[in-house]
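The values are calculated or read from the model by the stated rules, or taken from the named source; none is laboratory data. Given the structure is predicted, the values throughout are model-derived calculations rather than measurements. Cβ: placed from backbone, ideal geometry, glycine included. Neighbour counts: every protein chain shown. To get the accessible areas, we keep the full protein, side chains included, count just its heavy atoms, and leave off ligands, DNA and RNA. Shrake-Rupley method; radii C 1.70, N 1.55, O 1.52, S 1.80 Å.
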Amino acid sequence: MPPSPASDTNGEERQIAPVLPATAEEPETASALRSRQPDRTGLTDLEEEPIDNNLVSLPAEDFEEEGTGDEARPPGFEEGGEEGPGLGPSAQGEGRARRRPPNEPIDLASPLTAVSGIGPKSAKTLEKLGLKTLGDLLWYVPRRYDDYSRLKTINRLWYGEEITVMGTVEDVRLRPIRGGRKLVEAVVGDGTGSLRVTWFNQPWIADRLRPDKTVVLSGKVDQYLGRLTMNNPEWEPVERQQLHTNRIVPVYPLTAGVTEKWLRRVINSVVTRLAPRVVDPVPEPVRGSANLIGLGKALYQIHFPDDWEALQQAQQRLAFDEMFLLQLSVLKQKLEWQQLVSEPLRVGPEWIERFRTSLPFKLTPAQDRALDDALTDLAKTKPMNRLLQGDVGSGKTIIAAAAIGVAAANGAQSAMMAPTSILAEQHYQTFSELLPRAADIQASSIRLLIGATSEPEKEEIRSGLRAGSIRVVVGTHALLENPIEFRRLRLAVIDEQQRFGVEQRAALRAKGDNPNLMVMSATPIPRSLALTVYGDLDLSVIDEMPPNRQPVETRVLYQNERLRAYQFIRGQLEQGRQAFVIYPLVEGSDDTEPWAVVEGQPRLQEEFSPDYRVGLLHGRMRPEEKSAVMAAFRRGEYHVLASTSVAEVGVDVPNATVMLIEGANRFGLSQLHQFRGRVRRSEHKPYCLLIPDSDTEADNERLKAMESTDDGFRLAELDLEQRGPGDFLGRRQSGFAELKMAKLTDVRLIDKARREAMRLFEADPRLEASEHTQLAGAVARFTSAGKGEIS
Ligand code: ADP
Ligand code: MG
């Protein structure tokens, strides 16, 4: 409940009632506070008339832990000495009684100690939660809400429902159970009935749950011997007043030494005072057309919602902001990019014809389109900035080769960067073989530069690049190491771009003078998302496979079916094919774990002896060892390759037809799809066998999607729903750190934000209009916080 601001503009001290005011067990201060609980007013008033900034100090006891005796006592707000007048001044030592002019906007970047009532001790506690600034605190979104206004009584519970109940502890026992573990068993009653509640292996709960204590329990209603129970519910001691608050209560993510109750009170106090004064950066016309509530109201309601509808509106508003800012920062980058000037790289139709005819295959129509896009971009006077997306094995490399050929035909240099040395070597081999034939580039002017390249050779490559005698360099991030300089770098290609950070992409680009940029990715991204995250890039999609590629027949197996899998592999080896066996780890922490490659490889070797050889590949090997193993596998000297995920990207061994993945549940679906793409590179029928290291239903359910669909986009969407964008788009993808509320699966939200951003951008691309000043600031903050550069 927001307090009324009306009585508050005179600069007098104002008492803030916590939302969950006090406990019956508490001394007088609490009841005193309760009686000062402010009136309820509409928040709209607050928005229209920002309140005066006289943040009053709170009585120190207001934040002191109430000493319920059942929780570790977190540091309370310090007593005395912390009653600064509000934001800023106290931190800067300007004196405590300073009054601020009304309407002064608050600075979201202020440290928390600038808020009266929060001293260094409390700030330190809050910092454990990652909360350093006022903005952090205002945007610290609850992980769930308990609706005390709609509590259910025990006699009305149903088996299977997720609910919150409140009751009094009638009985508590601690019972030893099998394996030396302990079971806490409690009976909680509310006058309408009683409920058996159990917690496994959390014996300390028995000490905290004293008979007669009132607790709130959240979880699923279960059944035991015909009676309703709850197993391992979340619980909290409650004070009777919570009942009277009769409202939806936020539950925050916590860490050791911070209690829910304390945090709630701190946040309530800060939000109540400051949320209404946060300046809304989204201009009024946008708010109107997107149907959004004001920011101040949203920030209040996200913490202390009046009802579920208000909460939803608040969530929508905050989610919109993130998407909107992301879109604006992406559009801004696109604009900046488009203003760059670059030298056009052109070739005639004969050149293109020759390139095509020198290929061992005919390009697919999708490759044709991607090639056209690339040629058109290169011929322009502004640099190419294109994302080439296509499922594993769709044939992206050849498009890069063509672009490199065009650059060379114009006397310019190209660099291609791949995330692993194995992949870089593979591209190097492809180009060395193809480009002399198809594009007239001498093999000697194509070079490989990886970490394992000897120092003298590196030196030689460096001078060749400086002099311009080397036309094409393929490598890993070793390419970024100074002092590599190019004479005329006009094309930078980045393969498997999701594996690189923003900085690395920018660093490669910086080696040239506005070079053309082509980034390639096999991670299929749903279109709405691609337009958002990669909105500054033009997009080409290779959406079909070369002919004669068969879908990978995929099976999820149980642990005890491993031998069957080995027999199957043997069958394939007998037909002259090869197999990958992937393990999630390099070394296991104990012998019983079957998923470490250094243990798996000898077992496999034993299994397939004496007829077949099993190679070992993992990321801790030296680069030259890795290359040697890969080369031997490619030559067929190893029949089976036991590997970690280093074999995930790009590895091209067409004769391999089986991909067995141990601990498959540990990988995302998109990643598994990448793995199985490794065995889909020839006309032989490919197989993928997935062995999760647990036989739990949920894992198996998730993996079953691999059996039923071969559609990389569908799998990516499932991943996104199940695992969120982190792994999926690459850890350091721009802007994502900033997306807390917005769901990347929320297509309607993305579209709405995109539409509004485009419209605003068309009218005022530089956000120069006076009504966009706040917004420009917000975009800049968003961009720098999320390292919003995408290319
Ligand atoms: P990715 O898109 O995963 O990078 P690659 O470019 O490595 O795929 O191509 C996969 C394999 O398909 C390579 O062996 C390549 O030579 C082959 N390939 C590419 N395009 C065609 C095509 N149009 N017809 C037949 N094979 C092709
Ligand atoms: Mg590739």
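Counting only lysines at least 8 places from residue 396 when in the same chain, those with an alpha carbon closer than 17 Å to its own are 362. Taking trypsin sites (Lys or Arg not before Pro) across the range 129-167, the ones in a DSSP loop with at most 10 further Cβ atoms lying within 10 angstrom of their Cβ are 143. Considering only alpha-carbon pairs that sit under 8 angstrom and 6 or more positions apart, the relative contact order computed for the range 416-541 is 25 percent. 3J(HN,Hα) along the range 450-465, derived from phi through the Karplus expression 6.51 cos²θ - 1.76 cosθ + 1.60 where θ = phi - 60°, amounts to 10, x, 7, 4, 5, 4, x, 5, 4, 4, 5, 5, 4, 6, x, 6 Hz, with x in place of Gly and Pro. Sequentially through the range 515-523, phi angles give Karplus couplings (6.51, -1.76, 1.60; θ = phi - 60°) of x, 5, 10, 10, 10, 10, 8, 9, 7 Hz, Gly and Pro residues having no value and appearing as x. Cross-linked pairs 334/380; 124/182; 380/458: Cα-Cα separations exceed 25 Å for 124/182; 380/458.
Close amide H pairs (under 5 Å, H built 1.01 Å from N) link residue 345 with 379, 380, residues at least 5 positions away or on another chain. A probe of 1.4 angstrom, applied to the heavy atoms of all protein chains, finds residue 762 with accessible area near 150 square angstrom. Binning the alpha carbon pair distances of the range 429-547 at 10 angstrom intervals from zero yields the distribution 12, 38, 33, 15, 2, expressed in whole percent.
Accessible surface of residue 453, taken over heavy atoms with a 1.4 Å probe and every protein chain present, rounds to 20 Å². Fully extending the segment from residue 598 to residue 561, taken as 0.36 nm per residue of separation minus the present Cα-Cα distance, adds 11.2 nm. Of 751, 171, 391, 513, the residue with the largest accessible area leads and the full order is 513, 751, 171, 391 (1.4 Å probe).
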